[in-house]
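Below is one structure, written out as structure tokens; comments come after it.
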Amino acid sequence: MKRVYLDHNATTPVAPEVLAAMLPYFGEAYGNASSIHAFGQDARGAVERARSSVAALVGAQASEITFSSGGTESNNQAIFGVLGSTPEPGRHVITSAIEHVAVLDSCKELAKRGVDVTFLPVDRDGLVNPEDVRRAIRPETALITLMLANNELGTVEPIEEIGKIAAESGIVFHTDAVQAAGKIPIDVTRLGVHLLSIAAHKFYGPKGVGALYVRKGTQLKPLLHGGHSERDRRPGTEDVAAIAGMGKAAELALNNMQDETARIGALRDCLEKGLLERVPHCWVNGAQAPRTPNTTNMTFPFIEGEAMVIALDLKGIACSTGAACSSGAVEPSHVLTAIGLPPEDARATLRLSLGHQNTQQEIDFALETIPAVIERLRLLSPTYKKPAVA
Ligand SMILES: *Cc1c(COP(=O)(O)O)cnc(C)c1O
């Protein structure tokens, strides 16, 4: 059976060039990057080359990049690194209602440890209002953490504007850029952030490796203790193969971004437009906001998203209902709830996220398949009234 992968916001396949860049470090180049001898120096060279490539992807200096185990760790490191594991009483953090759970749950944990957390609302398109950020700032505000691109909607938040507001008040500003890296240009200086998280597996690198940009001079307490790797920020023997893979993935992402943005954006627009034309009564969430070029989030009322995902999987189309982490749960997405969808519409929503290997042929196949699946599921739905044919 033909299989079409439309779930790139959950993870991406490792690019062949990335795999090739990793293989030597599983084989002959097995040194510990902290060893002084030639084996160690080969490994160190690979780690430092990767650091430069990752820095280039986000407009940073190599010395400002710390490797981690992924987006989740980078977000935890940023948040608990600024506040500490036992935060001083009375401190305040600003975040939004639509963050990835790696930020949201970290902030909820801070709240349990006595930190006051403001969860800012978003508008119907999923955008945070920078003026809301300004109004939320207090003398006790220690951190603002807001994502650059949302994983469910693809909406791109006004981080540059918020960066200016954070700078006026001298507050440390973190952005979760895991969904933005490789999809839109990122420049940490222009964004005005002190901390920025990325994960390799969202841009054709391996899983289990990520990075945190830490602006020079930013005070950060380590999460882990036990050695001097990564400039004391993150102890433990580096996963040289994974880091080398992330470096290659960053290089490819930077080189291919312009062409791929145009190509994938056109495919996404074709898919979105085609579904809007072919399926009665459906809509795109976040359509009025700037979005990453690969993502569309659509509501098809009267059907359960989970049922759609399963039915589409049987036809060879892989997509999701939104956050991969919530799959299996019947709770409606916190992102869709935050943009004002009632629970029944939030549950009737699909996220289709495209990537490098998708072709026009695959989009044509999706446009033949998805409307028929939706029609069939709707006819089974007790709440659906088939529109009368004129
Ligand atoms: C995937 C994702 C994460 C988590 O990254 P992992 O490397 O899977 O831990 C964090 N934030 C966003 C926006 C994501 O899409």
>> Taking 2.2 N^0.38 Å as the expected size of a compact globular protein, what ratio does the Cα radius of gyration of region 275-317 give against it, to two decimals?
In response: 1.30
> Can you give the alpha-carbon Rg of region 76-124 over 2.2 N^0.38 Å, where N counts its residues?
Replying inline: 1.10
> For residue 132 and residue 219, FRET efficiency with R0 = 22 Å and r from the beta-carbon atoms, rounded to 0.05?
Replying inline: 0.25
> Ordered by residue, what ³J(HN,Hα) values in Hz, to whole numbers, does region 373-381 give under the Karplus form 6.51 cos²θ - 1.76 cosθ + 1.60, where θ = phi - 60° and Gly and Pro are x?
Replying inline: 5, 5, 4, 5, 5, 5, 5, 7, 7
> Given a 1.4 Å probe, how much area per residue of the chain is accessible, in Å²?
Replying inline: 43 Å²
>> Eigenvalues of the Cα gyration tensor times 5, then square-rooted: what semi-axes does that give for region 147-270, in whole angstrom, largest first?
In response: 26, 22, 11
>> So if each residue of separation counts as 0.36 nm, and I subtract the Cα-Cα distance between residue 167 and residue 372, what length gain in nm does that give?
In response: 68.7 nm
> Based on the Cα gyration tensor of region 263-367, what are the three equivalent ellipsoid semi-axes, each the root of five times an eigenvalue, rounded to whole Å and given largest first?
Replying inline: 21, 16, 13
>> Can you give me the long-range amide H partners of residue 117? Hydrogens built in the peptide plane at 1.01 Å from N, cutoff under 5 Å, separation of 5 or more residues or another chain.
In response: 93
>> Nearest 10 degrees is fine. How inclined is helix 159-169 to the longest principal axis of the chain, computing both from alpha carbons?
In response: 50 degrees
>> Leaving out ligands, DNA and RNA, and with a 1.4 Å probe, what % of the accessible surface on the chain is carbon or sulfur?
In response: 56 percent
>> Taking θ = phi - 60°, what integer Hz values does the Karplus form 6.51 cos²θ - 1.76 cosθ + 1.60 yield along region 177-187, in sequence order, with x for Gly and Pro?
In response: 9, 4, 7, 8, 4, x, 9, 10, x, 10, 9
> How long, wide and thick is region 1-134, going by the Cα atoms along their three principal axes, in whole angstroms, largest first?
Replying inline: 52, 49, 27
> With θ set to phi - 60° and the Karplus curve 6.51 cos²θ - 1.76 cosθ + 1.60, what are the ³J(HN,Hα) couplings of region 204-218 in order, to the nearest whole Hz, using x for Gly and Pro?
Replying inline: 6, x, x, 6, x, 9, x, 8, 10, 7, 10, 4, 3, x, 6
>> Past the 23 angstrom mark, what percentage of all C-alpha to C-alpha distances in region 116-214 do you count?
In response: 25 percent
>> Please give the Cα centre distance for region 27-81 versus region 183-220, rounded to the nearest Å.
In response: 12 Å
> Which value in Å is the Kirkwood Rh of region 1-55 over different Cα pairs?
Replying inline: 13.4 Å
> Is there a pair in 273/315; 248/315; 202/248; 112/216 whose C-alpha atoms are over 25 Å apart, and which pairs would that be?
Replying inline: 248/315; 112/216
>> For a protection proxy built on the mean count of beta-carbon atoms within 10 angstrom, sort 148-155, 45-52, 346-353, 229-236 highest first, please.
In response: 148-155, 346-353, 45-52, 229-236
> Assuming R0 = 25 Å, what is the FRET efficiency of residue 364 and residue 385, from their Cβ-Cβ distance, to the nearest 0.05?
Replying inline: 0.25
> Which value in Å does the Kirkwood hydrodynamic radius of region 60-182 take, with 1/r averaged over all unlike C-alpha pairs and then inverted?
Replying inline: 14.7 Å
> Per residue Cα convex hull volume for the chain, in cubic angstrom?
Replying inline: 141 Å³
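The values are calculated or read from the model by the stated rules, or taken from the named source; none is laboratory data. Worth saying up front: this structure is predicted, and the values here are computed from it rather than measured. Reconstructed Cβ throughout: ideal geometry from the backbone, glycine too, with neighbour counts over all protein chains shown. Surface accessibility is based on the protein's heavy atoms, side chains included, excluding ligands, DNA and RNA. Shrake-Rupley method; radii C 1.70, N 1.55, O 1.52, S 1.80 Å.
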